[in-house]
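Working notes, beginning with the structure itself.
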Amino acid sequence: MTGILQEMKTSISHQEIVDFLHEESELLDEWKLVEWADLFSEDGTYLVPPLGNPDADPATSIFYINDDRTRLEERAKRLLKKEAHVEYPHSTTVRNIHNIRIKQQEGNVIHVRCNFSTYRTKREVLDCFVGVNDYRLVVKDQRIVIQEKKVTLKLDSLRPHGKISLIL
């Protein structure tokens, strides 16, 4: 067991983090977006930086997604409506997360990184998004919540994918 895992054993186990991330993926694949938004802390953020610039500053760069908790909830509710033409009917998705690593713990904040692949089928077209998720997780009221999720796409471009119309 690594030093980081030994230090964390009293607060949260690696398996609990793995289970939490699998639950998050399942909620997204089942289009339970309101429940997914509830995984975020009140000050939670969801970020998708521009391609090729994962360390961009949201204050000075245009992000694909830069949501606080309120915008995140609005995005989730909007994507569930029929008026969200780009995602109605909903895409079929399968998310895979792998190489889940605990990178650091600072007090009650746990930094987790994992690779992901999100497969989407829509109108007989299969798209694949790949990248890295960086999480800042905290335990509040004996439950894991996301304080920040940053999705770094490892793609040269969004073509032929086009728009990111779903939550990665």
Residue that is nearest to Leu158 (Cα to Cα) [pool: residues in the stretch 37-85 that are hydrophobic (A, V, I, L, M, F, W, C) and touching a Lys or Arg at 6+ places or on another chain (Cβ under 6 Å)]: Leu47
Conditions (1) among the hydrophobic types (A, V, I, L, M, F, W, C); (2) within 22 Å of Tyr88 (Cα to Cα); (3) surrounded by 14 or more Cβ atoms within 10 Å (Cβ to Cβ); (4) modelled with pLDDT of 85 or more: number failed by Leu126: (3)
Residue that is farthest from Glu30 (Cα to Cα), among those in the stretch 105-122 that are of a type in the set (S, T, N, Q) and surrounded by 17 or more Cβ atoms within 10 Å (Cβ to Cβ): Gln105
Residue within the stretch 30-45 that is of a type in the set (A, V, I, L, M, F, W, C), surrounded by fewer than 16 Cβ atoms within 10 Å (Cβ to Cβ) and modelled with pLDDT under 95 present: no
Qualifying residue in the stretch 87-99 (condition: over 30 Å from Ile12 (Cα atoms), touching a Pro at 6+ places or on another chain (Cβ under 9 Å) and open to solvent by 70 Å² or more (accessible area, probe 1.4 Å)): no
Failed criterion for Leu79 (all others in (1) open to solvent by less than 70 Å² (accessible area, probe 1.4 Å); (2) more than 17 Å from Lys149 (Cβ to Cβ) hold): (2)
Number of the condition not met by Leu168 [criteria: (1) in contact with a Pro (Cβ under 7 Å, 6 or more places away or on another chain); (2) open to solvent by less than 40 Å² (accessible area, probe 1.4 Å); (3) not charged (D, E, K, R)]: (1)
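Among the candidates Arg143, Arg69, which residue alone is open to solvent by 40 Å² or more (accessible area, probe 1.4 Å), within 20 Å of Leu39 (Cα to Cα) and of a type in the set (Lys, Arg)? Explain how you work it out, then say what you get.
Values: Arg69 fails: open to solvent by 40 Å² or more (accessible area, probe 1.4 Å).
Within the list Arg143, Arg69, the selection yields Arg143.
The values are calculated or read from the model by the stated rules, or taken from the named source; none is laboratory data. Just so it is clear, the structure is predicted and the values come from calculations on it, not from any experiment. We place every Cβ from the backbone using ideal geometry, glycine too, and count neighbours over all the protein chains shown. Side chains are part of the model used for accessible areas, which takes the heavy atoms of the whole protein and leaves out ligands, DNA and RNA. Shrake-Rupley method; radii C 1.70, N 1.55, O 1.52, S 1.80 Å.
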